[in-house]
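Each reported figure results from applying straightforward, stated rules to the coordinates on display, with no laboratory input. What you are looking at is a predicted structure, and each value in this text was computed from that prediction instead of being measured. Reconstructed Cβ throughout: ideal geometry from the backbone, glycine too, with neighbour counts over all protein chains shown.
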2 protein chains.
Amino acid sequence: VTLAGGLQTPATCVIAERLHKNLERMQSFADSAGFGLRPHAKTHKCTEIARMQIRLGSHGLSVATVGEAEALGGGAIDDLFVCFPIWADQDLVSRLGALTDTLRICIGADSAESVMRLRSLKGRLGISVEIDCGLRRTGVQPAAALGVARAAREVGLTVEGVFTFPGHSYAPGMQDEAAADEAAALEEAAAVMLQDGFGPLVRSGGSTPSARRAHPRTVDELRPGVYVFNDAQQIELGVAGFDDIALVVVATVVSRPEPGRIVLDAGSKVLGQDRPSWATGHGRLLDYPDARIRGLWEHHAVVELNGPGTIRLGDLVAVVPNHVCTAVNLVSELLVVEAASVVDRWAVRARGGHDHR
Amino acid sequence: VTLAGGLQTPATCVIAERLHKNLERMQSFADSAGFGLRPHAKTHKCTEIARMQIRLGSHGLSVATVGEAEALGGGAIDDLFVCFPIWADQDLVSRLGALTDTLRICIGADSAESVMRLRSLKGRLGISVEIDCGLRRTGVQPAAALGVARAAREVGLTVEGVFTFPGHSYAPGMQDEAAADEAAALEEAAAVMLQDGFGPLVRSGGSTPSARRAHPRTVDELRPGVYVFNDAQQIELGVAGFDDIALVVVATVVSRPEPGRIVLDAGSKVLGQDRPSWATGHGRLLDYPDARIRGLWEHHAVVELNGPGTIRLGDLVAVVPNHVCTAVNLVSELLVVEAASVVDRWAVRARGGHDHR
């Protein structure tokens, strides 16, 4: 990416053409394989991209917090799933109630206690029961889904389905296994609930690394997020190539203390600090596949080139963050780039959504 | 910390009494040991705290970007050091020029090339030469400081000093060694420059872990940042105790899939993802010293209690982030707590400063 002069770095840029390609490719995969697509909007937090996803055929979106639902809901975006086990106090119950006035809204639950707190939203709010398929984060074991579902029925909330996040797909070579675990857990939980009279149920799964290994007929809906932009993690997992990267942080080389070591003005406060144990560094450079970010501080990235090419003081470099969701969350707007020019600016509108759940 | 009801979590809270104690303690240490104190404001990014630091006796503040200088400068805050090797384009030169109208401002440099670009600010801008004392990030070797200083003199910029960041103090047991490296590098660089006719020179160093081991008479000024709040890193380095923690993220227990595993509604988008290799987890709990955050995702922290005490669904828990500077950067305001009540809200004013350097 070469940008016209005058750009202030670090600058978080969306490569529009690649974004459109990524959006279309995932939607046509889902359509042809028979999955509903409910993309996770926590990745981009932008109304503009949310609308594109709906226009291309997604039946709704996923969000992580009630704040994200408030920021993104409205207009064409009228069906939201907060795929998080919400623990509601009185204020959150009111906010959820307000959302149900204009949107179809469903939230996650993994305990009978959390569901009971929502009784005043009887008949207005959907519940999906969270199942743990191997990540050991949130979610009940499949056989225990019934307890949560019955609590919802008892207080008059509609049980719409079961969901899981196969997050163990975020490790090299684990995508097939995670997709199999996802299918087995969703199938078992749904079967127990169908037998008890619940239904129809949406069995919802899916992450960017595992989406293409998901089991059709067992899984009804996928919720990938990262695929819109991709990132260094997806490259190193073998899920995306450099050509699929649609978001970069353009940085300036501010220091070059020795020939093989350059320092950029983009640190963890703009790239994010995510670094799984299997990652080869703190991010990659779009145009230098051999280079690695060996050190990352708040305002500095130290790059080792490890290959041909020279980078001089003052050069602009396009950095691919390790995890694009946290990188987007660090800026107030994304610069939209077409043919090496900034053509638009999109507000990261749901960014405040994490400040107040 | 117990907060009155109605608090929306996750909530990033400052414990006012402890903040004041931390500020006073560092200032009186610096005063009695003979160091000037120029605290790094990138930690808090708040005008309110910046003013307290000046009122207590700091002669100026450090910032990381020109954007932070623009956000914080003004009024009593009239002396700022941008301790970063700025690579200025025309726009940045203009912005620095505008700052010199109302502030005393000095910036970092570690190359002759970067200094030459500032020639139009002749007579208005100070330069401090960055020295590498062992971190291998930015900065020249001490003997090479002269080249940068001479470039500054040639274009009419005032060379005010030399500075270094002993960042290798961020490892267990390394504080004394890092402080010794800092003193040796500053002394060598300053001696070479004094011999060439430069002076007087401020020799500036200092991080929170190494500040109390800094060498008086060799080091003139300290630039710690984290000490205002402290964090889990400082606890695990042995630099701070739980009683010194002045910033916590209050979170709700939203899930408890098994008795020893609880899940909080505070993830990396509010705590930050920093985790050095020697850290025991992704943060600590203020009231449960044995607990560890063993997993952290964007909106979930998975806690293992490892000890006595029970935590129930819906309980509020005070989380101590690993690295407080990146945690503050994730929220738009800090809630100020006194005697278990929120008494004020401080805007994280310089938060935008990283979006545009």
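The value given for chain A is a Kirkwood hydrodynamic radius of 21.1 Å, derived from the mean inverse Cα-Cα separation.
Summing Cβ point charges (Lys, Arg +1; Asp, Glu -1) relative to the Cα centre of segment A:1-125 gives a dipole of roughly 140 debye.
In units of the rule-of-thumb radius 2.2 N^0.38 Å, segment A:122-196 shows an alpha carbon radius of gyration of 1.17. Per residue of B:38-50, other chain Cβ atoms within 10 Å of the residue Cβ number 0 on average. For the protein assembly as shown, the gyration tensor built on C-alpha atoms gives a prolate shape. Its axis ratio a/c (a ≥ b ≥ c) is at least 1.5, and a/b is the larger of a/b and b/c. P(r) tail, segment B:14-86: Cα-Cα pairs separated by more than 14 Å, 58% of all pairs. Take each residue of peptide A:263-273, count the partner chain Cβ atoms within 10 Å of its Cβ, and average: the result is 5.
Pairs to check: A:21/A:122; B:21/B:122; B:42/B:122; A:42/A:122. Give those whose C-alpha atoms are more than 30 Å from each other in this structure. Violating the 30 Å limit, Cα to Cα: A:21/A:122; B:21/B:122. Each principal axis of the Cα atoms in segment A:291-357 has its own extent, and those three values, largest first, are 45, 30, 17 angstrom.
Net charge of the neighbourhood of residue B:350, taken over other residues with C-beta under 9 Å away and scored Lys/Arg +1, Asp/Glu -1, is +2. Each Lys and Arg Cβ is given +1 and each Asp and Glu Cβ -1; about its Cα centre, segment B:160-262 then shows a dipole of about 380 debye. Treating r as the C-beta distance of residue B:304 and residue B:78 and R0 as 56 Å, the FRET efficiency rounds to 0.70.
Sorting the segments A:229-237, A:8-16 by their residues' average number of neighbouring beta-carbon atoms within 10 angstrom, most packed first, yields A:229-237, A:8-16.
Place the label 7 angstrom along Cα→C-beta at residue A:57 and in each other copy, then list the distances from the first to the rest in nm, shortest first. So the distances to the same position in the other copies read 7.0 nm. Across peptide A:136-146, the mean count of Cβ atoms from other chains lying within 10 Å of each residue's own Cβ comes to 3. Axis of helix B:145-154 versus longest Cα principal axis of chain B: the two differ by about 60°, to the nearest ten degrees.
Using the alpha-carbon positions of segment B:47-149, Rg (one decimal) and Dmax (whole number) come out as 14.1, 40 Å. Mean separation of Cα pairs under 8 Å and 6 or more residues apart, divided by the residue count, gives segment A:170-274 a relative contact order of 20 percent. Once the Cα atoms are used to define both axes, helix B:16-33 deviates from the longest principal axis of chain B by about 30 degrees. Per the rotation superposing chains A and B, the chain A residue found at the smallest beta carbon distance from the axis is A:273, 2, distance in Å.
Residues A:153, B:275, arranged from fewest to most other Cβ atoms within 10 angstrom of their Cβ, appear as A:153, B:275.
Each Lys and Arg contributes +1 and each Asp and Glu -1, all at the Cβ; summed about the Cα centre of chain B, the dipole is approximately 340 debye. Per-residue ellipticity at 222 nm computed for chain A from its helices equals -8000 deg cm²/dmol, with DSSP H segments shorter than 4 residues left out and the rest contributing -39,500 (n - 2.57).
For the Cα trace of segment A:200-293, dividing Rg by the Kirkwood Rh returns an Rg/Rh value of 1.10.
Dividing the mean sequence gap of close Cα pairs (under 8 Å, 6+ apart) by how many residues segment A:238-307 holds gives a relative contact order of 29 percent. Spin-label pair residue B:48-residue A:277: with each label point 7 Å from Cα along the Cα-Cβ axis, the two points sit 4.1 nm from one another.
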